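**Student:** To start, I am sharing the structure in question, which I have written as structure tokens.
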There are 2 protein chains.
Amino acid sequence: MVMQKPSNRERILSAGLRLVHERGFGAASVRDIVEAASVPLGSFTNYFASKEAFGLEILNLYFDRTREVLARTLRNDALPPLERLHGYIQANTQAPDSDKSRLGCLFGNFSAEGSYGSDAIRHRLVEIFTEIQDAVEYCLHAAVRAGELPQDTECSDIASLIVSSLQGAMLLAKAYRSPIPTEQFEKLLFSTVLR
Amino acid sequence: MVMQKPSNRERILSAGLRLVHERGFGAASVRDIVEAASVPLGSFTNYFASKEAFGLEILNLYFDRTREVLARTLRNDALPPLERLHGYIQANTQAPDSDKSRLGCLFGNFSAEGSYGSDAIRHRLVEIFTEIQDAVEYCLHAAVRAGELPQDTECSDIASLIVSSLQGAMLLAKAYRSPIPTEQFEKLLFSTVLR
């Protein structure tokens, strides 16, 4: 079996995702991106109508990985619900390559760059956060049904809090270069909000 | 009484703070900053040894305003403690010019740009978050002494959670262009964590 060489398009996407995660979308120029991918400058426009179009593609590439995490944690009906929630938080805070703690979450970083960016990117971020929040809410409802949480748990509100507070904890973990903010979030989530 | 015209240095700082808050520190070039300030390009280096030195100054300028908010809310012993905590959260989420919801918190934005930036800036961010967290903890201890919170409240851990979760809520409010994430954070903080 012969491994296919990655196409220029794939090289731009993977090197570009890495560079944008390192520097931020606004600070990484198209020239920086093609240099990181070792492809000619002109090839960028062969594959992407605009930098915005490229930005949407790397968000989707990164979200593909997130969807795999959601499937094996929050939406994994084979495991007890609160264990799935722990698994989801730890997948975000203990990434094997520790990129998450050094670079933060790409969705949070894009959000912080915010309104100077494009409306299309902002709308995509809202869709992504909503899909994550739906998975958290799905898991919380399962925990209520399993008797792991009280019947009157406000699953939707708490799912929203978990998504935003986890983003904040990852943001401070990045500033502090320390896992303490995410560890404290996880500890207090289970000892106070979900008690 | 004659109003003094702002100096070029002051113009660079105020226009630069505004621009960096809009676009991000990495995406706002020195050229962009002096253009926004309507001063000659060369004057930047008269006042700032580097873009990093400028970045530290705008962080401090922004933090001066934060310190005023801390003094009139969290550290204002004339008011009941939990009312001060509400006041602090609302000062962050309902800024009169609504910049906080549109642009997010400058400290959070700088944190998201993170490791590509300078260590000096990252260390300053850690000092700033620590000073804010100390003020939250001061207020929580006051609430315990006043009988507004139980004696066994883990003031230090909860102060850390409040600072990071508020950052996350402001980040999602910016992505959603909506106050709902910060409103839900405030509601659930008082109904679950601080009950």
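**Student:** Got the B:Lys187 label distances to the other copies yet, label 7 Å along Cα→Cβ, in nm, shortest first?
**Tutor:** Output for B:Lys187: 2.9 nm, nearest copy listed first.
**Student:** For the Cα atoms of chain A, what angle does the longest principal axis make with the long axis of helix A:155-176, in degrees from 0 to 90, nearest 10?
**Tutor:** For A:155-176 against chain A, the angle is about 50 degrees.
**Student:** Between beta-carbons, use under 14 Å as the cut-off and find the net charge around B:Ser191, counting Lys and Arg +1, Asp and Glu -1. Let's see the in-between values first.
**Tutor:** Numbers: positive: A:Arg195, B:Lys187, B:Arg195; negative: A:Asp152, A:Glu154, A:Asp157, B:Glu183, B:Glu186.
Surrounding charge for B:Ser191 is -2.
**Student:** Kindly give the distances from A:Gln4 to its copy-mates, label point to label point, with each label point 7 Å from Cα along Cα→Cβ, as nm values to one decimal ordered shortest first.
**Tutor:** Here the equivalent label points are 6.7 nm apart from this one.
**Student:** R0 = 41 Å: FRET efficiency of A:Leu61 with B:His86, Cβ-based, nearest 0.05? Walk me through the intermediate numbers first.
**Tutor:** On the way: r = 41 Å, r/R0 = 1.01.
Efficiency at R0 = 41 Å is approximately 0.50.
**Student:** Further question on the same structure: State, to one decimal in nm, how far the label point of B:Asp152 lies from the label point of B:Lys187, with both points 7 Å from Cα in the Cβ direction.
**Tutor:** My value for the distance between the label points is 2.9 nm.
**Student:** FRET efficiency for B:Ser7 and B:Asp77, Cβ-Cβ distance as r, R0 = 45 Å, nearest 0.05?
**Tutor:** Details: r = 37 Å, r/R0 = 0.83.
Efficiency computed from Cβ-Cβ geometry: 0.75.
**Student:** Further, regarding this structure: By how many degrees, between 0 and 90 and to the nearest 10, does the Cα long axis of helix A:8-23 differ from the longest principal axis of chain A?
**Tutor:** Result, in degrees: 60.
**Student:** Given 0.36 nm per residue, what is the gain on full extension from B:Ile180 to B:Thr130 after removing their alpha carbon distance, in nm?
**Tutor:** 15.4 nm
**Student:** Further, regarding this structure: Using only the alpha-carbon atoms, how far is helix A:81-93 inclined from the longest principal axis of chain A? Give it as 0 to 90 degrees, nearest 10.
**Tutor:** 30
**Student:** Using a 10 Å cut-off around each Cβ of peptide A:118-126, what is the average number of partner chain Cβ atoms that fall inside? Display every interim value, and only then the final one.
**Tutor:** Values: counts 0, 1, 0, 1, 4, 1, 1, 4, 5.
The mean count of partner-chain Cβ atoms within 10 Å per residue comes to 2.
**Student:** Still on this structure: Per DSSP H run of at least 4 residues, take -39500 (n - 2.57); add these up for chain B, divide by its residues and hand me the 222 nm value, nearest 500 deg cm²/dmol. Please report the intermediate quantities before stating the final value.
**Tutor:** On the way: 10 runs with 135 residues, N = 195.
Helix contribution divided over all residues of chain B: -22000 deg cm²/dmol.
**Student:** Quick check: net charge around A:Ser118, other residues with Cβ under 12 Å of its Cβ, Lys/Arg +1 and Asp/Glu -1? Don't jump to the answer; show the numbers that get you there.
**Tutor:** Details: positive: A:Lys51, A:Arg122, A:Arg124; negative: A:Glu52, A:Glu113, A:Asp119.
Taking every other residue near A:Ser118 into account, the sum is 0.
**Student:** Let me ask another. Put +1 on the Cβ of each Lys and Arg and -1 on the Cβ of each Asp and Glu in chain B; which of B:Ala120, B:Ser101, B:Leu19 then has its Cα farthest toward the positive end of the dipole?
**Tutor:** My answer, from the dipole projection, is B:Leu19.
**Student:** Short version: ³J(HN,Hα) in whole Hz for each residue of region A:36-47, in order, from phi by Karplus 6.51 cos²θ - 1.76 cosθ + 1.60 (θ = phi - 60°), x for Gly and Pro, what are they?
**Tutor:** Residue by residue, region A:36-47 yields 4, 8, 6, 10, x, 3, x, 6, 4, 6, 5, 10 Hz.
Read-outs throughout are calculated quantities, based only on the coordinates presented, and are distinct from any laboratory measurement. This structure is a prediction, so every number in the text was calculated from the model and none was measured. Cβ sites come from the backbone with ideal geometry, for glycine too, and all protein chains shown count toward neighbours.
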